[in-house]
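The values are calculated or read from the model by the stated rules, or taken from the named source; none is laboratory data. All of these numbers come straight from a predicted model, not from anything done at the bench. Here Cβ is always computed from backbone atoms with ideal geometry, including for glycine, and neighbour counts include all displayed protein chains.
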Amino acid sequence: MRKALLGVLIAFSIMAGFLFLAGLGFFLSYGPATQSSADAIRIEEKGEVISFLPLSVSSRQGIVIYPANLVSPWQYQDSVEALALSGRKVFVVEPDWRLSTTGPKVLADLQEQNAEINRWYLIGNSAGAGLACRDKDANPSIISEAIVVNGYCKGFSFKPQLAIFGSGDWLVRSSAHTSQAQKSEVASGGHFLLTDRKKSQPGHSETVSMILQYLDGQNP
C-alpha cells in the first residue's frame with residue numbers, strides 16, 4: 001500500500017514539474033506576433049530593448065515597460081502597440097535578473113537616443129514594479145512617474161500616482177496598492193493584465209485605457 005502511494009506521489013510530482021516547465025516555456029518562448037498595426041508602428045529589437053516606434057509621433061512622452069520576471073516581452077505586444085498608437089514611443093526591456101543593475105544604464109541610453117522626449121514614464125508589472133519604483137526614486141530628474149501594475153512599491157520616498165491591480169489577482173493583494181499609491185484603480189482581470197496576445201485577457205483593454213487616460217492628463 002505504501003509503495004503504491006509513493007508511486008502515485010512520484011508520478012504526480014513528475015507531472016506537476018512537467019506542467020510547470022511547460023508553462024514556463026510558454027511565457028519565455030513567445031516571439032513577435034503578426035502586427036495588426038504594421039502600417040503605423042515600426043518595431044526594432046536591439047540588445048535588451050524592444051522599441052515600438054509610431055510612424056507619426058504626436059507626443060513628447062516616452063514609456064518604458066519593465067515586464068514581470070520570466071515573462072517574454074513579446075507577451076506585452078498588444079498592450080504596447082495600443083500605447084504606441086497614441087503617438088508615444090514605447091520601449092520594453094527584456095526581463096532579466098540583471099535588470100536590477102542594468103536598468104539605470106538602459107534609461108540613460110534611451111534618454112540620450114531620444115532627446116526629443118521630455119517626460120519619461122516607467123510602467124512596472126509584477127516584479128518589474130519594484131524596479132520601476134527604484135529607478136524612479138533614483139532618477140527623479142529623468143523619470144516623471146512610475147506606474148505600478150500588479151506589483152509592490154515599498155521602501156521608496158515617493159508614492160506612485162497610479163497603481164492598477166486585478167480584482168482576481170492571486171499574487172498581489174489590492175491593499176498593497178491602495179496603501180502605496182496616490183490613486184488606485186481596479187481592473188477585472190488577474191495578475192498579468194498587460195500580457196495578452198489573444199485579446200482575451202479580462203481587464204486587458206481596461207488597463208491600457210486607464211494608463212492612456214492617466215498619461216493624457218499629464219503634460220505632453
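Taken together, the residues in the range 157-177 that are surrounded by fewer than 24 Cβ atoms within 10 Å (Cβ to Cβ), under 19 Å from Leu107 (Cβ atoms) and in contact with a strand residue (DSSP E or B) (Cβ under 9 Å, 6 or more places away or on another chain) amount to 2.
Note on the range 65-150: enclosed helices (runs of 4 or more DSSP H) holding 1 or more residues that are more than 14 Å from the chain's Cα centre (by Cα) and surrounded by fewer than 20 Cβ atoms within 10 Å (Cβ to Cβ) are 99-113, 127-138. With respect to the stated conditions, Glu185 fails to be of a type in the set (D, E, K, R), modelled with pLDDT of 80 or more and either loosely packed, with under 15 Cβ neighbours inside 10 Å or within 23 Å of Val90 (Cα to Cα) (or both). Whenever a residue of the range 143-158 is closer than 21 Å to Gly62 by Cβ, its partners that are among the basic types (Lys, Arg) and in a loop (DSSP other than H, G, I, E, B), lying with C-beta atoms within less than 9 angstrom and at least six residues away or across chains, give the pairs Cys153/Lys159.
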